[in-house]
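Taking it in order: structure first as structure tokens, then the write-up.
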Amino acid sequence: MFCMLAPMQRPLRIGLCGLGNVGSGVAELLVRDSATLAKRAGGPLVLTHVAVRDPQRLREVKLGEVHLGTDAAALAADPDIDILVEVMGGIEPARSLVRMALLRGAHVVTANKELVARHGAELRAAALQGKAGLHLEAAVAGGIPIVKVLSESLTGNRLKALMGIVNGTTNYILTRMTRSGLDFRAALAEAQQLGYAEADPTADVDGHDAASKLAILAGLAFDAEVDAAAVHREGIGGITQGDIAAAADLGHVIKLLAIARPHPTGLELRVGPTMVPADHPLAGVSDAFNAVFVEGDAVGDLMLYGRGAGRLPTASAVLADIVDAAQDIRRGVAGRLLAARRPMRVLPLADVISRYYFSIWVADQPGALGAITTVLGRHGVSVESMIQKGRRQEPIDLVFVTHTARESQVRSALTEIAGLPQVAKIAQVLRVEGPPD
Ligand SMILES: NC(=O)c1ccc[n+]([C@@H]2O[C@H](COP(=O)([O-])OP(=O)(O)OC[C@H]3O[C@@H](n4cnc5c(N)ncnc54)[C@H](OP(=O)(O)O)[C@@H]3O)[C@@H](O)[C@H]2O)c1
């Protein structure tokens, strides 16, 4: 008796645009694990071309016979390249060359969240037209395979909510503020020294990076066309040691959360510093780690945790996409991630319903607390707990946590409270996650 082995199929040719942090990790894994990858992909995967800006630069990664050049567009157009891997970053020329490759039917793997968040609809249309696959696991949360989980593993669910810690820089800063008592500036400087934060940290600390990632995740989770610019966004620059301490007193920690929740009237989409109960799984996600927590109607609660960035964690996601692309090519499948998307109204922030934390500085005079609670009550905002801090100091800090209330009611109450004669300042307003009351 003998058995026939399926013949190894023709090698699939890979063109790699970018050989920086992520690209060098991809090249390293492609060479190091070529035999295993060939088995998993149903045939050899061969890195044939790499494009960089400066081919003269000394690089640690050994490329052997691979052609190293500068013309990324030529790789996108080359009919001999089966899979184009875009790990250059930025919008142009990445957008044009990814589109060109998809239109000619090449599968594209990209780690470029900015590109996918801003031009995802255009690129999905090009993939559909070219009968090609657009693979973007590495564009969100680095090594965490959340794109595959949302687009394949959880398709039997209606998702009730998605909450993520998807920016490692801000999570590192908030962890250092919480555990070591550093203020925001000192924690940011430390993150910069360690290479977790850029010299210009705006994209991270102001929540732009997390908003791009939330737009991609929400699009996948809710089959929605989501524009990153529509995500309501607040950064962590205003978080103080007072807020961190108040959160601890209330049994919470402060995290930069990216939240998407569908409502009958629209999709709630927001990124901002949020108080999370200390026993919630997201509260334990520290340092530069990322996590995405999903509530499904069938699966229940589920959380994926891991490294949201870094050379090999991100390369791990790119390699998984390369193998998926290779399997699709071998089977003659056009592509994944092409579920029809519908436009969804984004819920105005005024309509968001949440619990709230306020820190209100008042002159220490009788009647201040009564005056504040009277205004809150008049606007339909009821108080769950209150702590008075700094008894001997002037002004004193009154810290409130409310029951669930509509943002518009909270904002109008706070506007009125800010005008009370006893009130020096509304020092902080944060949303509080937790079980609904
Ligand atoms: N780093 C991470 O941990 C991480 C995590 C998730 C996603 N990502 C995403 O992955 C992508 C790459 O990030 P990275 O950190 O690897 O960036 P990087 O270290 O700056 O590398 C960029 C690479 O692209 C090349 N390049 C840039 N413009 C080019 C052009 N016009 N033509 C040809 N080559 C060009 C550069 O060439 P030279 O080497 O000659 O300069 C370099 O090799 C970005 O979209 C990023 O958002 C990164």
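Just so it is clear, none of the values below were taken in a lab; they were calculated from the coordinates. Note that the structure is predicted; figures quoted are calculated from it, not measured. Ideal geometry is used to build each Cβ from the backbone, glycine not excepted, and the neighbour counts take in all protein chains shown.
In table form, for the structure just shown:
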{"read-out": "Estimated dipole of the chain in Debye, rounded to 20 [Cβ of Lys and Arg +1, of Asp and Glu -1, Cα centre]", "value": "680"}
{"read-out": "Fully extended contour minus Cα-Cα distance, from ALA363 to SER34, at 0.36 nm per residue", "value": "111.5 nm"}
{"read-out": "Projected area, mean over directions - the stretch 1-103, Cα convex hull, nm²", "value": "7.7"}
{"read-out": "Calculated log₁₀ intensity ratio I(q)/I(0) where the Debye formula runs over C-alpha points of the stretch 153-307, q = 0.11 Å⁻¹", "value": "-0.42"}
{"read-out": "Helix-only mean residue ellipticity at 222 nm for the chain, each DSSP H run of n ≥ 4 adding -39500 (n - 2.57), per residue, nearest 500", "value": "-10500 deg cm²/dmol"}
{"read-out": "Members of LYS62/LYS213; LYS113/LYS255; LYS113/LYS160; LYS255/LYS389; LYS39/LYS131 lying beyond 30 Å, as alpha-carbon distances in this model show", "value": "LYS62/LYS213"}
{"read-out": "The stretch 393-437 residues near the modelled THR240 label - backbone nitrogen below 15 Å, point 7 Å along Cα→Cβ", "value": "393-400, 423-430"}
{"read-out": "Under 11 Å, Cβ to Cβ, from ALA350 - net charge with Lys/Arg +1 and Asp/Glu -1", "value": "0"}
{"read-out": "Of the DSSP H helices in the chain, those whose Cα atoms cover at least 27 Å axially and whose Kyte score averages 0.0 or more", "value": "311-331"}
{"read-out": "Simple spin-label estimate for ALA298 and THR415 in nanometres, 7 Å along Cα-Cβ", "value": "4.6"}
{"read-out": "Distance cut-off 13 Å, percentage of C-alpha pairs in the stretch 36-83 lying past it", "value": "65"}
{"read-out": "Centroid-to-centroid separation of the stretch 261-278 and the stretch 35-62 [C-alpha atoms, Å]", "value": "41"}
{"read-out": "Alpha-carbon spread of the chain, three principal axes, descending order, Å", "value": "89, 46, 46"}
{"read-out": "Residue-span extension gain [ASP183 to GLU152] - 0.36 nm each, minus C-alpha spacing", "value": "7.0 nm"}
{"read-out": "Farthest toward positive dipole pole in the chain [+1 Lys/Arg, -1 Asp/Glu at C-beta], among LEU58, VAL432, LEU123", "value": "LEU123"}
{"read-out": "Net lengthening on full extension, SER286/THR265 (0.36 nm per residue, minus Cα-Cα)", "value": "4.1 nm"}
{"read-out": "Equivalent ellipsoid dimensions for the stretch 350-432 as semi-axes, Å, which come from the Cα gyration tensor, largest first", "value": "21, 13, 10"}
